[in-house]
Amino acid sequence: MRLLSLVLLICLLSFIQSLGFSIFGVKLNLALAAVIAASFFVANLWEGLLLVVLAALILKFAPGFESEILIFSLIGAGAILIKKYLPWHYFFSNLILIILGTFIFYLFLAANLILTTIFLKELVLNLIAGTLIFALLNFLWQNKIA
Amino acid sequence: MRRRYFIILIIILLLGITYLTSFFIKKERFFDENLRLKQENENLRAQIQKLQLPITNYQLSNNYLTAKVFSTYPFNIKNQVTINIGEKQGVKKMMTVTVGDNLLLGQVTEVFENYSVIQTIFDPNWQLSVRIGKEEINGLFQGGNEQKVVLIEKEKAIQISDIVYSASQEFPYGLKIGEISEIKETIAGVFKEAVLKIPFNINELREVNVITK
């Protein structure tokens, strides 16, 4: 039931993102924030990877290979793998992973935008979205963090 | 255990579909009347401005294909867009893409059977010879986060709101790129720069034209 709920949540947020959802003209990376937040509530690595590949498939916007989708998948998978090695409370680990994930995404795809307000705005919005998603999942499954 | 194997199988299947096939979920943004009218307004304004410039005997060819902007990359990187026409509809690499009839958007860089990828003027690697205003002052347009015209001779008089248009042989002459919003010059430098205001928001694009001839 929990996995199904996470799958539906990831699918919904990825779809919303792929439709061009933006706040004040900035597209937040809803799928990345959702995947990272959800990674703390999956039972094992495979469930986490399932969420990542689902989001990647929904975000895919053109035929053929896209480096953006690959980078997104690798960041999502990386977050799932390293989350248990982070020494902080999961709430803060979630924030740190979102910051790292957003930074790495821009580093590989648009490094020249890192020192711009576009990156900062997206980072802030990703953090807000990730926090809200984490809070919602924590409320739903209190004391059942994986 | 079975559940785990089942999940692994689904992951492999989804990975294969995502990375090894051309399948993707088609998504189109909802029609927005206000945005369409705004875009049409900018296009008509560009047409009027072009008539006031010394661009003689130029008329946009009627040979163009109209395409929907299928989806921009769902991230904040604006250097490329995808459109819903490709090789089957007659699109070829290097074709010019405009917003309406008069606003330069970019150039086709990749063509698939039914879709194409456009490199836009917002790409940091984009460079284009341009002219400014009625005096036809030469400059070099550079794309990126801040779109600007560089290598403008210091003694040439340019003003805020001067029109910047394409003057490179790769593109139809006279396509509007933007208007000058800020002029930057240093005392020691030989050239000055102009920051442009682009008359459309790439996130709001719905339709574009691909010039076939």
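For A:L115, are the conditions met, namely being touching a residue at least 24 places away in the same chain (Cβ under 8 Å) and surrounded by fewer than 19 Cβ atoms within 10 Å (Cβ to Cβ)? Criteria not met by A:L115. When the strands (runs of 3 or more DSSP E) confined to segment B:144-213 are screened for residues that are over 13 Å from the mean Cα position of the chain (by Cα), closer than 27 Å to A:T117 by Cα and more than 14 Å from every other protein chain (Cβ to nearest Cβ), those reaching at least 3 such residues are found at B:148-153, B:176-185, B:191-197.
Does segment B:125-132 contain any residue that is away from chain A (no Cβ under 14 Å) and within 26 Å of B:K68 (Cα to Cα)? Checking segment B:125-132: at least one residue is away from chain A (no Cβ under 14 Å) and within 26 Å of B:K68 (Cα to Cα).
Looking at A:L97, A:L54, just one residue is within 14 Å of chain B (Cβ to nearest Cβ), at pLDDT 85 or above and surrounded by 20 or more Cβ atoms within 10 Å (Cβ to Cβ), and that residue is A:L54. Within the set A:T131, A:T102, the sole residue that is among the hydroxyl-bearing types (S, T, Y), within 14 Å of another protein chain (Cβ to nearest Cβ), part of a helix (DSSP H, G or I) and in contact (Cβ under 8 Å) with a residue 24 or more places away in the chain turns out to be A:T102. Return yes or no: is A:F105 within 22 Å of A:L54 (Cβ to Cβ) and crowded, with 18+ Cβ neighbours inside 10 Å? Yes: the conditions hold for A:F105. Considering segment B:25-48, the residues that are within 14 Å of chain A (Cβ to nearest Cβ) and under 26 Å from B:F112 (Cβ atoms) include one that is modelled with the highest pLDDT, namely B:I25.
Table: residues versus (1) under 27 Å from B:F24 (Cα atoms); (2) part of a helix (DSSP H, G or I).
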residue: A:G20; (1), (2): yes, no
residue: A:S93; (1), (2): no, yes
residue: A:L115; (1), (2): no, no
residue: A:L120; (1), (2): no, yes
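Residue pairs whose Cβ atoms lie under 8 Å apart, sitting 6 or more positions apart in sequence or on different chains, and linking a residue in segment B:102-116 that is within 14 Å of chain A (Cβ to nearest Cβ) to a partner that is of a type in the set (F, W, Y), are B:Y115/B:F70. What about B:I211, is it surrounded by 15 or more Cβ atoms within 10 Å (Cβ to Cβ) and more than 23 Å from B:V81 (Cα to Cα)? So B:I211 fails the test. Does A:L28 fit the bill of being more than 7 Å from chain B (Cβ to nearest Cβ), in contact with an Asp or Glu (Cβ under 8 Å, 6 or more places away or on another chain) and in contact (Cβ under 8 Å) with a residue 12 or more places away in the chain? Answer is yes for this residue. Look through segment B:49-83, keep the residues that are part of a loop (DSSP other than H, G, I, E, B), modelled with pLDDT under 80 and within 10 Å of chain A (Cβ to nearest Cβ), and return whichever of them is surrounded by the most Cβ atoms within 10 Å (Cβ to Cβ). Out of the qualifying residues, it is B:P74.
Looking across segment A:58-67, the residues that are at the interface with chain B (Cβ under 7 Å from one of its Cβ atoms) and surrounded by fewer than 21 Cβ atoms within 10 Å (Cβ to Cβ) come down to A:P63, A:G64, A:F65.
The values are calculated or read from the model by the stated rules, or taken from the named source; none is laboratory data. Fair warning: this is a prediction, and the values are worked out from it, not measured in the lab. Neighbour counts are summed over all protein chains in view; Cβ atoms, including those assigned to glycine, are modelled from backbone coordinates with ideal geometry.
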